[in-house]
Amino acid sequence: MDFPECTYQSIKEKKLRGRYITYDHISGILNNLPANFKIEQIGESVKELPIKSVTFGKGTNRILMWSQMHGNESTTTKAVFDLINWIGTKSDLSNSILNNCTIKIIPMLNPDGAKAYTRVNANKIDLNRDAQNRSQPESKILRNCFEVYKPDFCFNLHDQRTIFNVGGTPKPATVSFLAPAFDEERSISESRAISMQLIAAMNRELQKLIPNQVGRYDDGFNPNCIGDTFQILGTPTILFEAGHYPDDYERESTRAYIFKALITALYAISTNSIGECSYEEYFKIPENNKLFYDILIKNAHKINPISYAKQDSIGILFKETIANDSIIFDPRIEKKGDLQGYYGHKTYDCLNKVNLEDLKNQPYWNIL
């Protein structure tokens with residue numbers, strides 16, 4: 001499959017940029033979608049913000065997607081609106097998907113969390129740990145949608161932190177996938193095998209675009225997670241994790257790769273070509289690891305020989321906070337000491353005089 005960059009730029013939803021995406025940002029877009037996109041309010045959040053779905057297509061393959069279950073994970077929300085715009089181009093590929101699939105998207109399941117830029121909802125509950133209790137209105141809305149719509153496939157859309165790398169490599173996990181387990185033994189049921197095959201298809205395409213930057217998320221079983229629950233119920237479910245791309249803290253590059261992964265999955269479903277990939281390919285995707293810092297400073301004794309021993313390093317992570325309706329990346333020291341084997345999205349070696357002088361001009365110099 002070919003995804004020309006010029007084509008993507010023409011359908012990219014320009015009204016959605018950056019990391020802070022709230023219901024106010026998407027409501028106008030939803031209200032102005034063409035008539036072939038059916039908009040429904042399927043419930044309200046704890047603070048009575050609308051939770052809406054968008055349904056389109058007329059095919060027998062039914063796909064359910066939801067984004068911003070965690071309110072501060074907005075990259076996939078941008079990507080699904082890119083997808084909606086692309087569907088409207090009426091290309092041969094998009095028409096094929098529309099004719100063979102019916103797609104329902106909940107672009108923002110947790111609007112309260114999105115507004116506050118938090119993982120949890122307004123009652124401070126992680127909705128992705130509430131699949132069994134369904135104690136929250138948002139959890140009930142998603143489960144009711146699942147039971148009424150009866151999807152053949154579920155796409156659970158998330159972001160992951162900048163700490164993740166691919167396997168033991170210095171490559172960031174720009175996109176990660178998971179075929180959730182349905183039992184403690186992490187057995188391979190029919191539905192889980194299909195999830196794995198779809199992930200293998202997406203990985204094939206993404207390797208052409210971001211080689212060695214696709215990871216496999218931990219598949220430890222937790223029935224309180226929504227993906228595990230839907231897999232228990234026999235519906236092939238895929239967890240998408242939008243991660244870090246170099247120098248892309250706003251996740252504008254990553255959204256494009258999520259968009260392209262979505263189209264790849266929909267193409268495989270619409271053409272009944274899932275079987276072209278074996279589920280064994282899924283296990284060839286390296287597992288995620290947590291070996292990245294946003295900033296890694298080596299040989300920190302050159303900054304202060306009293307505070308740091310020779311070969312000590314400093315690992316800095318950014319804390320994301322809201323300021324004036326945008327996200328500020330506030331540097332915090334996460335760890336000091338021997339950080340051999342860790343990587344930095346930006347690395348300074350203080351033995352290098354140029355590196356050290358450059359470091360002195362950075363905003364995080366004052367925390368060292």
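Here are the numbers for this structure:
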| item | result |
| --- | --- |
| Top-ranked residue of the range 39-80 - restricted to ones that are part of a loop (DSSP other than H, G, I, E, B) and of a type in the set (A, V, I, L, M, F, W, C), ranked as nearest to Leu157 (Cα to Cα) | Met69 |
| Inter-residue pairs, beta-carbon under 8 Å, first in the same structural domain as Ile11 (by TED's automatic domain parsing) and under 23 Å from Lys58 (Cβ atoms) and in the range 24-39, second acidic (Asp, Glu) and surrounded by 12 or more Cβ atoms within 10 Å (Cβ to Cβ), 6+ apart | Ile29/Glu13 |
| Scan of the range 220-260 for residues that are surrounded by 18 or more Cβ atoms within 10 Å (Cβ to Cβ), polar (S, T, N, Q) and more than 26 Å from Lys150 (Cβ to Cβ), ordered by number | Thr254 |
| Verdict on Arg192 being free of Cβ contacts under 8 Å to residues at least 24 places away in the same chain and in contact with a helix residue (DSSP H, G or I) (Cβ under 9 Å, 6 or more places away or on another chain) | no |
| Hey, Ile303 under 30 Å from Asp358 (Cα atoms), at pLDDT below 95 and surrounded by fewer than 18 Cβ atoms within 10 Å (Cβ to Cβ) or not | no |
| Selection count where residues are buried (at least 20 other Cβ atoms within 10 Å of the Cβ) and outside any helix (DSSP H, G or I), scope the range 270-290 | 2 |
| Any pair with Cβ under 7 angstrom, 6 or more apart, that starts in the range 43-54 at a residue that is under 15 Å from Ser139 (Cβ atoms) and assigned by TED's automatic domain parsing to the domain that holds Pro107 and ends at one that is part of a strand (DSSP E or B) and of a type in the set (A, V, I, L, M) | Gly43/Ile51; Glu44/Ile51; Ser45/Ile51; Ile51/Ile42; Ile51/Ile106 |
| Residues being out of contact with any strand residue (DSSP E or B) (no Cβ under 8 Å at 6 or more places or on another chain) and within 23 Å of Ile11 (Cα to Cα) - total across the range 224-246 | 0 |
| Some residue of the range 17-38 being under 15 Å from Leu109 (Cα atoms), in a loop (DSSP other than H, G, I, E, B) and charged (D, E, K, R) | no |
| Leading residue by the ranking (surrounded by the most Cβ atoms within 10 Å (Cβ to Cβ)) among those in the range 159-200 that are among the aromatic types (Phe, Trp, Tyr) and in a loop (DSSP other than H, G, I, E, B) | Phe182 |
| Residue check, Lys260 at pLDDT 95 or above, among the basic types (Lys, Arg) and not in a strand (DSSP E or B) | yes |
| Selection within the range 336-368 - within 21 Å of Arg161 (Cα to Cα) and touching a residue at least 60 places away in the same chain (Cβ under 8 Å) | Tyr343, His345, Tyr364 |
| In the range 82-96, the residues that are hydrophobic (A, V, I, L, M, F, W, C) and touching a helix residue (DSSP H, G or I) at 6+ places or on another chain (Cβ under 6 Å) | Leu83, Trp86, Ile87 |
| Residue match in the range 46-54 (condition: under 20 Å from Ile258 (Cα atoms) and buried (at least 19 other Cβ atoms within 10 Å of the Cβ)) | yes |
| Test: residue in the range 60-75 that is surrounded by 24 or more Cβ atoms within 10 Å (Cβ to Cβ), closer than 28 Å to Glu320 by Cα, in contact (Cβ under 8 Å) with a residue 40 or more places away in the chain and of a type in the set (Val, Ile, Thr) | yes |
| For Tyr293: the one exception among (1) within 21 Å of Pro170 (Cβ to Cβ); (2) surrounded by fewer than 19 Cβ atoms within 10 Å (Cβ to Cβ) | (2) |
| Cβ pairs under 7 Å, 6+ apart, first in the range 91-120 and touching a residue at least 40 places away in the same chain (Cβ under 8 Å) and more than 30 Å from Ile327 (Cα to Cα), second in a helix (DSSP H, G or I) and not β-branched (Val, Ile, Thr) | Leu93/Tyr267; Ser96/Ser270; Ile97/Leu266; Ile97/Tyr267; Ile97/Ser270; Asn100/Ser270; Cys101/Leu266; Cys101/Ser270 |
| Residue check, Gln207 in the same structural domain as Ile258 (by TED's automatic domain parsing), part of a helix (DSSP H, G or I) and crowded, with 18+ Cβ neighbours inside 10 Å | no |
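One line per residue, one yes/no per condition, for (1) out of contact with any Asp or Glu (no Cβ under 6 Å at 6 or more places or on another chain); (2) assigned to a loop (DSSP other than H, G, I, E, B); (3) more than 24 Å from Pro246 (Cβ to Cβ):
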{"position": "Gln311", "(1), (2), (3)": "yes, yes, yes"}
{"position": "Lys319", "(1), (2), (3)": "no, no, no"}
{"position": "Thr347", "(1), (2), (3)": "yes, no, no"}
{"position": "Leu351", "(1), (2), (3)": "yes, yes, no"}
{"position": "Leu356", "(1), (2), (3)": "yes, no, no"}
{"position": "Leu359", "(1), (2), (3)": "yes, no, no"}
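The values are calculated or read from the model by the stated rules, or taken from the named source; none is laboratory data. Note that the coordinates shown come from a computational prediction; the quantities given were computed from them, not determined experimentally. For neighbour counting, all protein chains shown are included, and Cβ atoms are generated from backbone atoms with ideal geometry for every residue, glycine included.
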